[in-house]
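Asks: Just passing along the structure, written as structure tokens.
Read-outs throughout are calculated quantities, based only on the coordinates presented, and are distinct from any laboratory measurement. In this text, all values refer to a predicted model and were calculated from it rather than measured experimentally. All Cβ positions, even for glycine, are placed from backbone atoms using ideal geometry, and neighbour counts span all protein chains on display.
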Ligand SMILES: [Ca+2]
């Protein structure tokens, strides 16, 4: 009893001391700038442009100033003179789309003083509104909280969520019923699915686990991949996996190890596109449901630019039914060249075709 009391007193004291030191440090670092960016700067620019930043030392005795972009030193100025400014040109193509950390570090008497900004590099393309036509509709099980939707040939696979109800199933398109299915343990909330070779990958929402199955038997494979953060959607282009986590970022992964290769930041010409959910790779582009909207974003997988937006409000009203939740689920049938879409607990799955979506035209290639 006594021992417990003693430990908690020490912990509280440590927390207090730490907080005090942290507060002191944050105050001092915020107030002591030896070098600054000249304001007002526009910290949001289009990809492809050159961004000129103006820099001015505001103190004497600085030995050296470093400019860092994304933690890499890109320029260095020795013995700068107070109030004598200089500039640096940031080539946005070199850094890619997304939020970039831009940092000035002034060194004086072996102390470092930092001044940090975020440069948002937006897409240079305005997304095109893409229309579609409904080719057909099919029943969808209202007990399926759809989180993953993908074809292997003509066989539709569906992964579902909710604790105690999550599963992976092969679906008979004509009636929406499971031909074969495997349940997840009650501890796991199933998320996106994708198929590479003979393997089905299934993410979990907050358990940091990706389960693997033999696509023919739906037997779970012994290997389980782990990852950091939440699991939402997943798709692949045959060589790489793409995973979403509810943010505007997509992580490109090695299918053999699940290790991240790079991160894509998804932007329009105005803003980051957040809450990217179920994914599908179609003809060189990533299609993503945007959670809490009726939209699908069509994303270029190299740079993260949103080239098109499909507004599926009509499908939501026609397919959701009484108990349906959000629009989620995109599966491409390569043979039919049509896209199948549904939602969580929806009554229907729709087969659609996009109208006048010419990717090459949009990208100007
Ligand atoms: Ca999909």
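Asks: Label point 7 Å out from residue 217 along Cα-to-Cβ: which residues of region 177-211 have amide N under 17 Å?
Replies: 180-183, 198-201, by backbone N distance to the label point.
Asks: Hull surface divided by four, with the convex hull built on the Cα atoms of region 120-227: how many nm²?
Replies: Mean shadow area of the hull around the Cα atoms is 9.8 nm².
Asks: Related question: Hey, with R₀ at 30 Å, roughly what FRET efficiency would residue 143 and residue 353 work out to, going by the Cβ-Cβ distance, to 0.05?
Replies: Approximately 0.60, to the nearest 0.05.
Asks: Taking region 275-365 as the region of interest, what is the percent of Cα-Cα pairs per 5 angstrom bin, listed from the shortest bin to the one with the maximum distance?
Replies: Percent of Cα pairs in each bin: 3, 14, 25, 25, 18, 9, 4, 1, 0.
Asks: Over the Cα atoms of region 194-241, how large are the radius of gyration and the largest Cα-Cα distance (Dmax), in Å?
Replies: Considering region 194-241 through its Cα atoms, Rg and Dmax are 10.6, 30 Å.
Asks: How far apart, in nm, are two points set 7 Å out from the Cα along the Cα-to-Cβ line at residue 275 and at residue 99?
Replies: 1.8 nm
Asks: Here's something else I'd like to know. Rg (Å, one decimal) plus Dmax (Å, integer) for the alpha carbons of region 44-200?
Replies: Every Cα atom of region 44-200 included, Rg and Dmax give 27.2, 77 Å.
Asks: Sticking with this one: On a 0 to 90 degree scale, rounded to 10, what angle separates helix 2-31 from the longest Cα axis of the chain?
Replies: 70 degrees
Asks: To continue, here is another question. Roughly how far apart, in whole Å, are the Cα centres of region 262-283 and region 37-102?
Replies: After rounding, the separation between the Cα centres reads 28 Å.
Asks: Next question, about the same structure. Please arrange 203, 119 by how many other C-beta atoms lie within 10 Å of their C-beta, fewest to most.
Replies: 119, 203
Asks: Arranged by the count of other C-beta atoms within 10 angstrom, fewest first, what order do 184, 276, 89 take?
Replies: Ordered from fewest to most neighbouring Cβ atoms within 10 Å, 184, 276, 89 come out as 89, 184, 276.
Asks: Counting other beta carbons within 10 Å of each Cβ, put 334, 239 in order, fewest first.
Replies: 239, 334
Asks: Quick check on packing: order 131-139, 159-167 by the mean number of other C-beta atoms within 10 Å, highest mean leading.
Replies: Ranked by mean Cβ neighbours within 10 Å, highest first: 159-167, 131-139.
Asks: Calculate the translational D of the chain in whole µm² s⁻¹ from Stokes-Einstein, where the hydrodynamic radius comes from the Kirkwood formula applied to all Cα pairs, the temperature is 25 °C and the viscosity 0.890 mPa s.
Replies: This corresponds to a translational diffusion coefficient of 106 µm²/s.
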